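None of the figures in this text is laboratory data; all of them are computed from the coordinates on show. Here the structure is a predicted model, which is why all the values come from computation and not from measurement. Glycine gets a Cβ as well: all are built from the backbone with ideal geometry, and neighbour counts include every protein chain shown.
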Amino acid sequence: MDWVTKFLDELWDFIVQSLSDNVPLIVGSVKAIVIAVAVMSVVPGLVWLERRLMGRFQVRLGPNRVGPFGFGQPMADTIKLLFKESIIQSSADKFLFHLAPAVVVFTAIVAFAVIPFGAPFEVFGQSIELWGANVNSGILFVFAISGMGIYGMVIAGLSSNNKYSLMGGLRSSAQMISYELSLGLSALSIIVLTGSLSLMDMVVAQESVPFILIQPLAFLLFFIAGVAETNRAPFDLPEAEQELVAGFHTEYTGMKFAMFFMGEYINMVTMSALVTLLFLGGWNTYGIPIWPILAFAAKVVFLLCVFIWLRSTFPRIRYDRLMTFGWKVLLPLCLLNLLITGTLKVL
Amino acid sequence: MPTDYAFNYTAVIVAAGFGFGGIGFTFILSRLLAPKRPSLMQTIAYECGIIPEGQGNTKYNIRYYLFALFFLIFAVEAVFMFPWVVVFLALPSSAFISMMIFLAILIFGLAYAWRKGVLQWR
Amino acid sequence: MQLFLTSLTASIILFSSLGVVLTRNVVHAAIFLLVTLIGVSALFLVQLAEFLALVQILIYAGAVIIVLMFSIMLTRETEQTAVSNNTGKLMLGGVSLLVFAGFCFAIFMTDWIIADYVSNEAGRFVALGKALFSDFLVPFEIASLVLLVALVGAVILTREGREGA
């Protein structure tokens, strides 16, 4: 039976050899899959957090029936939505109707895939970076992909043959493009300070002091634009239930409806992660002895709680004031901030 | 071809593909699990429960188109500003002046639109 | 490998641009155009022009098609207006084919300047920024003037008629 052990030895050597030859590819694929799975499972956690926190803000308990502290609530919601009948009206464009929520989730996941979570660490002699992908123009990539996410609403509004959907899609996409500009322009002031578009470099540049202390106005502008970009309150007119019969996702039922919200939650996480990376110092612990990735997670969770806090605190902004605010207040302030930053840097 | 570059974008596409796969899986699951009870009411567009009338030829505000055009123009401006911001410290100060001219021309455009009252009223 | 990727993206571009002209639904045509422009961006990426690829997505696929979609949404009356079959279209097709052939000839006959390839990605970006302000300064400022003209034109087009349309 000697040849059996010899054959197994050779097989094992071959496997190890081929794995170690293609390690970067395998590591990259595993990372990509882990990112996608993590993103899809952070959404139920966020749903739970939102409902509990909003309940607390409104002086009531959140869901607490399904499982301890209501942990099973998102699962119950998902199961319920899976079993809902998929109603599509006869004159709707079937292919585009199904494409719209897919576009929303797809762009959300791709935008999330380039966010770094921590500094590179060494495992088995391979430096593994905690990223989905080390795209060198990280922040430009995120903005480009967020721009593509607008098409989800546009296609949803166009493909359901419904006046309200069309109007809702028009309004929400107009809102998103207005605030996307301020998002990009306020991030430019930060890029002046770091001199690179890569998200990793931005964290490295904040090792001594987080940028929120140097650029408080940019932080405010970026955060407000980020809240508007993710269609969260107080800018959530497109999806408010009392307005326009739930806007562009009027005709969507079941899982497709859930997809829109899943995309919105993933966008929320991406936006919080971006604010953390750009302004709060990413995973820099600033002397507190915890793991960097825990510091990052804590900052992101804090920002998510701020998102939910804003939702329970502010009334919804009327649409014309929303657009006026975006173009007349945010945009000039972003340009002003950029001018001041540039001038101060040159002098 | 620099291989890590290819791997990075491949990893992004793999993640996106996995996301697509997950989406497709939930769609298929939903299609299998959901009941199908077709009725006449389902095939009509939703309009607060009443039968919809008219063909959807409502008058929309032209401002939406204007804002889309503004977004296009300012997005091109932002795209010009991205390389400037990255090489900001390595440039001579004359580059700063030329960028300020660029920005001034566009801020003039924004101020013109503001004065004409086009940015008002959604 | 690069040849394979280039031909793959080129075929995507070709088929989606065929879809733009062959479909009867204007929304489908816009979506096909979106896919075409994303394909062009992928082509940039295959040639390792990362910044250009992202700018292509940001501006073309992100802003220009949004403008197109808005105009579709604003003018959306009854769908499926009848497509007329007149033979004038055949002549127009022939003329555009000739124009296309002329463009192809011009493109293939030009000696294109191939810039030095900067291997470091960040270095490429820095080189672009520096070139923008040294060699291409005047086109850069003229671009801002073009944008200003477009802005003023947009304002004038959509202003409520005050001095009598």
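Here are the numbers for this structure:
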item: Under 5 Å, built H, 5+ apart or other chain: amide partners of A:Ala205; result: none
item: Karplus-derived HN-Hα couplings along the stretch A:298-312 (A = 6.51, B = -1.76, C = 1.60, θ = phi - 60°), whole Hz, x at Gly and Pro; result: 5, 5, 5, 5, 4, 5, 5, 5, 5, 4, 5, 4, 4, 5, 7
item: Fewest-first ranking of B:Ser93, A:Ser196, A:Ser173, using other Cβ atoms within 10 Å as the exposure measure; result: B:Ser93, A:Ser196, A:Ser173
item: Long-range amide H partners of C:Leu48 with built H, under 5 Å; result: none
item: Karplus (6.51, -1.76, 1.60) ³J(HN,Hα), θ = phi - 60°, over the stretch A:331-346, in Hz, Gly and Pro reported as x; result: 4, x, 5, 4, 5, 4, 4, 5, 4, 5, 4, x, 5, 5, 6, 6
item: Likely footprinting exposure, A:Cys334, A:Cys305, fewest C-beta neighbours within 10 Å first; result: A:Cys305, A:Cys334
item: In Hz, Karplus ³J(HN,Hα) per residue of the stretch A:103-118 (6.51, -1.76, 1.60; θ = phi - 60°; x = Gly, Pro); result: 4, 4, 5, 4, 5, 5, 5, 5, 5, 6, 5, 9, 8, x, 9, x
item: Ascending count of other beta-carbon atoms within 10 Å, so fewest first, for A:Trp327, B:Trp114; result: B:Trp114, A:Trp327
item: Three-way shape call for the stretch C:1-77 based on the alpha-carbon gyration tensor, with the a/c threshold at 1.5; result: oblate
item: Distribution of pairwise C-alpha distances over the stretch A:84-346, 10 Å bins, in %; result: 7, 29, 33, 21, 9, 2, 0
item: Assigned charges on the beta-carbon of Lys, Arg, Asp, Glu; chain A dipole about Cα centre (debye); result: 1460 debye
item: Exposure rule at most 11 other beta-carbon atoms within 10 Å, DSSP loop trypsin sites (Lys or Arg not before Pro): chain A longest free segment; result: A:66-347
item: Under 5 Å, built H, 5+ apart or other chain: amide partners of A:Phe83; result: none
item: Summed side-chain charge close to A:Gly149 - residues other than A:Gly149 whose Cβ falls under 11 Å, Lys, Arg +1, Asp, Glu -1; result: -3
item: Rule-of-thumb Rg ratio for the stretch A:261-347 [Cα; 2.2 N^0.38 Å; N residues]; result: 1.40
